[in-house]
Amino acid sequence: MPLPDEYLQYPHRKRGFDQPFYGWEPVPLRKKAKLKKRLKATATIVVPCEFFPLDPPSEPFRHPAGMKTPYPDLRHYTSRDYGNRVGVFRILRELDHAGCKATFCVDAATAERYPPLLDAIKDGKHEIAAAGVSTAHIHHAGLTENEERQLIERVRSALPQATTWLSPARNESFNTLPLLAEAGFKVCLDWEADMRPLAMKTAHGSITAVPHYNELSDFTLLATRNQSEDEWVTQILSTADDHVGRYEDEGAGAFAFTLTPFIAGQPFRIEALRRILAGLAAMDEIRVCTAAKAVDLFGETP
Amino acid sequence: MHSDPNLYDYWPYEGRPRIKWPGGKKLAFWIAPNIEYYEWNPPPNPQRKPWPRGNPDVVGYSQRTWGNTVGHWRMMELFDKYGLRGSISLSIGLIDHHPEIIEACVERNWEFFSHGIYNTRFSYGMDEAQERAVLEDSIKSVENATGQRIRGYLAPALTHTEKTLDLIAEYDFWYTCDLFQDDQPQPLKTKAGRLVSLPYSLEVNDVIGYSVQGWSAERYADVLIRHFDQLLEEGSQSGTVMCIPLHAYLVSQPHRLRAFKRVLKHITSHNDDVWFATGSEIAEHFRDNFWDQTLADIEKRGIATGGTGFAPA
């Protein structure tokens, strides 16, 4: 039996993208963005504060940092919990020393379990964003619209003020963006998509993607790909430097990268973290700011 | 199945009451050689193959025998040079296979704790009586061979059941190395006893560094030195703990031991600020002086959740 005829039919084969949220606006064909105060780019630090349960489902897939060995995998459970107990407080301290405000993406389970962590983030005047229910609640196309809406509602009630969203494992269904817009979220950190904030249109209004570079993820670089702390520092600072250098040709840019508490908050990485923060803070033409602030800055007409 | 083991309460690192080490030292440092025995032809466990390739695994097995025949002695010589006492994570069966290693460690007044009978016999699927048998065997075998009563535990190959920590607490163990949530000790919520979660480490464990992350010897040494420097810096606020867990079959390799020597030289040069101790010495000091203070702090912050391990309130 060959494949059905439809397999060789391409109903979306025309100019532009095949998703409904944003159009085809390649860099050379569009107006450059400008920012006030001679700023050339924004840099957003994303700190995911997530709960990794001991009994996660395997469907649709296991979160990349989820449990690995047979139950009870105390090893991975406690290694992840280290981030929310210890590592995140080192990150908060270093952000404070460098004068940087970050976007802390907290999932509903962590918000409910660890109120002192929320207080510390608030005290530091950082943005509190929502990161789904937990790493065991991945959004995916196998959920009905109502099931997914209920997940988002649970997050809404745990984090009523949040306007920025990061999905668990950065995974979405076809419906996630409209449901997030319906629930009042304005900014999404799942999509890389562009080199500046990108308004994504849904039936329930617009939600803006701040480009979040998966290739700069500390978990990916340091834990999965075994790169060194020096390589990590270099790649983040050269991303920032590159944005400054491309300003004349491409206009103002924005980028976001993660500091995962159980990775970046390890004692042996703090020295490298200080170099990243000091390096960014020393660049006059880069503004280190929260995701919400980055979107605001791009919304102002200079 | 539980989503939260409920073995300990949340205890944010910031704002904790001060932990003070003897002599006003900032950092409690301990070093834990895993002296393990891997069997040539171990029986299968329903949840994990003892050797991923199947029995026998000549490369895996022989590297471990190299560790005990060659590597251990080199490592011990290095510890002697820097005046360090090891806290041995011991495959209890090794007492019978290699009594000379045990004698050499006893001569040096090193501490022993249990790492199961063999690193090829896993806890998965054991019932309570079987887990008790492993613990009783561990206590008795070390006592017979050395006179020491063991006080610490690291589950073989980090395999656990829901009962493991309750049982070791009941047998009056003082510390477990099985949990990785902190750089300071914390009381565990076991049904009996006073069991301390003692910072061991996976992040700076040579198995993770060398075998999982694939670091070079120099990089591993750099990581250890940075780790030490940071924890020492933080120890001026409240006492921290650093452990270096080692495996002679990895760290004692000819291309690695020289880089590791640089680490010990660095750490021992901070003698004024570092308490060089064994696992039970740190656990005992914590139990005697900071157990109640920690529980009171958690209670005061309103984040105690009650219940015990795998038995929520």
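The values are calculated or read from the model by the stated rules, or taken from the named source; none is laboratory data. What you see is a predicted model; the values in this text were computed from it and never measured. Note that we place each Cβ from the backbone using ideal geometry, even for glycine, and neighbour counts take in every protein chain shown. With ligands, DNA and RNA removed, areas are computed over all heavy atoms of the protein, side chains included. Shrake-Rupley method; radii C 1.70, N 1.55, O 1.52, S 1.80 Å.
Here are the numbers for the structure shown:
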quantity: Inter-residue pairs, beta-carbon under 6 Å, first more than 8 Å from chain B (Cβ to nearest Cβ) and in segment A:107-127, second buried (at least 17 other Cβ atoms within 10 Å of the Cβ) and of a type in the set (Ser, Thr, Tyr), 6+ apart; calculated: A:ASP107/A:SER134; A:ALA109/A:SER134; A:GLU127/A:THR103; A:GLU127/A:THR290
quantity: Number of the exception - A:HIS97 against (1) assigned to a helix (DSSP H, G or I); (2) within 12 Å of another protein chain (Cβ to nearest Cβ); (3) touching a helix residue (DSSP H, G or I) at 6+ places or on another chain (Cβ under 8 Å); calculated: (2)
quantity: All positions within segment A:51-83 that are open to solvent by less than 10 Å² (accessible area, probe 1.4 Å), in a helix (DSSP H, G or I) and more than 8 Å from every other protein chain (Cβ to nearest Cβ); calculated: A:GLY83
quantity: Enumerated helices (runs of 4 or more DSSP H) restricted to segment B:162-273, each holding at least 3 residues that are modelled with pLDDT of 95 or more and within 23 Å of A:GLN266 (Cβ to Cβ); calculated: B:217-234, B:257-268
quantity: Residues satisfying the stated conditions in segment A:193-214, i.e. in contact with a helix residue (DSSP H, G or I) (Cβ under 8 Å, 6 or more places away or on another chain) and not polar (S, T, N, Q); calculated: A:MET195, A:ARG196, A:PRO197, A:MET200, A:ALA203, A:HIS204, A:GLY205, A:ILE207, A:VAL210, A:HIS212, A:TYR213
quantity: Where a residue in segment A:215-242 is surrounded by 17 or more Cβ atoms within 10 Å (Cβ to Cβ) and its partner, wherever it lies, is basic (Lys, Arg), with Cβ under 6 Å and at least six apart; calculated: A:GLU229/A:ARG269; A:VAL233/A:ARG275
quantity: Top-ranked residue in segment B:143-176 [being touching a Pro at 6+ places or on another chain (Cβ under 8 Å) and within 14 Å of chain A (Cβ to nearest Cβ); ranked as most open to solvent (accessible area, probe 1.4 Å)]; calculated: B:GLU162
quantity: Whichever residue in segment A:65-84 is out of contact with any Cys (no Cβ under 9 Å at 6 or more places or on another chain) and polar (S, T, N, Q) and, among such residues, is nearest to A:PRO48 (Cα to Cα); calculated: A:SER79
quantity: Test: residue in segment A:139-148 that is outside any helix (DSSP H, G or I) and within 16 Å of the chain's Cα centre (by Cα); calculated: yes
quantity: Residue match in segment A:20-29 (condition: part of a helix (DSSP H, G or I), over 29 Å from B:GLY309 (Cβ atoms) and open to solvent by less than 100 Å² (accessible area, probe 1.4 Å)); calculated: yes
quantity: The listed residue being within 14 Å of chain A (Cβ to nearest Cβ) and either crowded, with 21+ Cβ neighbours inside 10 Å or touching a residue at least 12 places away in the same chain (Cβ under 8 Å) (or both), out of B:PHE122, B:PHE79; calculated: B:PHE122
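Each row is one residue, and each column tells you yes or no for (1) in contact (Cβ under 8 Å) with a residue 24 or more places away in the chain; (2) closer than 30 Å to B:LYS189 by Cβ; (3) open to solvent by 20 Å² or more (accessible area, probe 1.4 Å); (4) out of contact with any strand residue (DSSP E or B) (no Cβ under 8 Å at 6 or more places or on another chain).
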residue	(1), (2), (3), (4)
B:ASP229	no, no, yes, yes
B:PRO245	yes, yes, no, no
B:GLN253	yes, no, yes, yes
B:ARG258	yes, no, yes, yes
B:GLU299	no, yes, yes, yes
